[in-house]
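The structure appears below as structure tokens.
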Amino acid sequence: MGWLGVLSFIITFLILPSVLRLERETGLLADNYRGESIPSAGGLGIILGFMSAFFLVSLWWQPENSVMVIAVSFLLTGLVGFVDDVAGNREVRGLAGHLGQLWRRRHLTTGGLKALVGGGTAFYASKVLFSDWMQALFSAAVVALLTNTLNLLDLRPGRSLKFFFLLTIIFVTASGINSLTAFLLGVGGAALAFFHYDLTGKAMLGDTGSNALGMVLGLAAAAVLPLGGRIILLFLLVCLHWYTEKHSLTALIERVRWLRLLDNLGRR
């Protein structure tokens, strides 16, 4: 399991050019904030690279049931994110907008599908990690909101991945190396192989990548943090989502000097 991150990085690094070329050839493109047309679901390379490495490592190492559930959650949320990247309705925006379409008009958007599948997956995986129902419900809320947070951040090159790497370092430092953090580091290896493409604006993570990474990060937070830490994190995530429903997160980052410096770090 210790080699998962290295193997994941190598495989992802090797297949990414082909994956991104395929997206260009099939027209799976979107305009970035500079108006450049680039592959819009680059996170697909992360999923393919990591899962290939995970299957290979699993030939010699038998994963625990909880790790297998997290792997399926990673794959499933990435899949519904890919559906949204391919056929998403861009006229409806925000989590509240998609859920509002479902509640008021009985209209299921791809964003609504993503929220339903992501929420259900978050709860099921949390129930595997915590047998207590209240613990599972509370942790599922953390997982679901943290999953959507990476999607909210994926508006500028490198922003989501910087957040992912920062929390990964915190969780691994706090918990040490175990089966769950080794899985998180494995996903981090694949994300690191994609980082150059994201940071230089050559490809987007898309919902495919941000949802999958957010799901794993959320489950790691639920498993690693004590109850008090999860309460604080949930409060911060609720505040962030409330703010982004009314205001621009990018505008806030531009106003706060240290956030702006971190956001621009390494970007062309």
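The values are calculated or read from the model by the stated rules, or taken from the named source; none is laboratory data. Remember, it's a predicted structure, so these values are computed and weren't measured experimentally. Please note: Cβ atoms are built from the backbone with ideal geometry, for glycine as well, and neighbour counts cover all protein chains shown. Heavy atoms of the whole protein, side chains included, go into the accessibility calculation; ligands, DNA and RNA do not. Shrake-Rupley method; radii C 1.70, N 1.55, O 1.52, S 1.80 Å.
Below are the figures for this structure:
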| read-out | value |
| --- | --- |
| Selection within region 237-256 - closer than 16 Å to Leu150 by Cα and surrounded by 11 or more Cβ atoms within 10 Å (Cβ to Cβ) | Leu237, Val238, Leu240, His241, Trp242, Tyr243, Thr244, Glu245, Ser248, Leu249, Thr250, Ile253 |
| Of all residues in region 176-200 being in contact (Cβ under 8 Å) with a residue 40 or more places away in the chain and outside any helix (DSSP H, G or I), the one that is least open to solvent (accessible area, probe 1.4 Å) | Thr200 |
| Among residues of region 13-54, those that are of a type in the set (Gly, Ala, Ser), exposed (fewer than 15 other Cβ atoms within 10 Å of the Cβ) and at pLDDT below 95, counted | 3 |
| Criterion: under 15 Å from Ile170 (Cβ atoms), of a type in the set (A, V, I, L, M, F, W, C) and in contact (Cβ under 8 Å) with a residue 12 or more places away in the chain - qualifying residue of Leu205, Leu249, Leu233, Leu265 | Leu233 |
| Selected residue (criterion: farthest from the chain's Cα centre (by Cα)) from residues of region 163-175 that are in contact (Cβ under 8 Å) with a residue 40 or more places away in the chain and closer than 17 Å to Leu240 by Cα | Leu167 |
| Test for Thr173: is it part of a helix (DSSP H, G or I), closer than 30 Å to Leu56 by Cα, modelled with pLDDT under 95 and out of contact with any strand residue (DSSP E or B) (no Cβ under 9 Å at 6 or more places or on another chain) | yes |
| Criterion: open to solvent by 10 Å² or more (accessible area, probe 1.4 Å), under 20 Å from Ala125 (Cα atoms) and at pLDDT below 95 - qualifying residue of Leu233, Leu219 | Leu233 |
| In region 117-149, the residues that are assigned to a loop (DSSP other than H, G, I, E, B) and closer than 13 Å to Val216 by Cα | none |
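For every residue, the table says whether it meets (1) part of a helix (DSSP H, G or I); (2) surrounded by 13 or more Cβ atoms within 10 Å (Cβ to Cβ).
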site	(1), (2)
Met204	no, yes
Asp207	yes, yes
Ser210	yes, yes
Gly214	yes, yes
Ala223	yes, yes
Trp258	yes, no
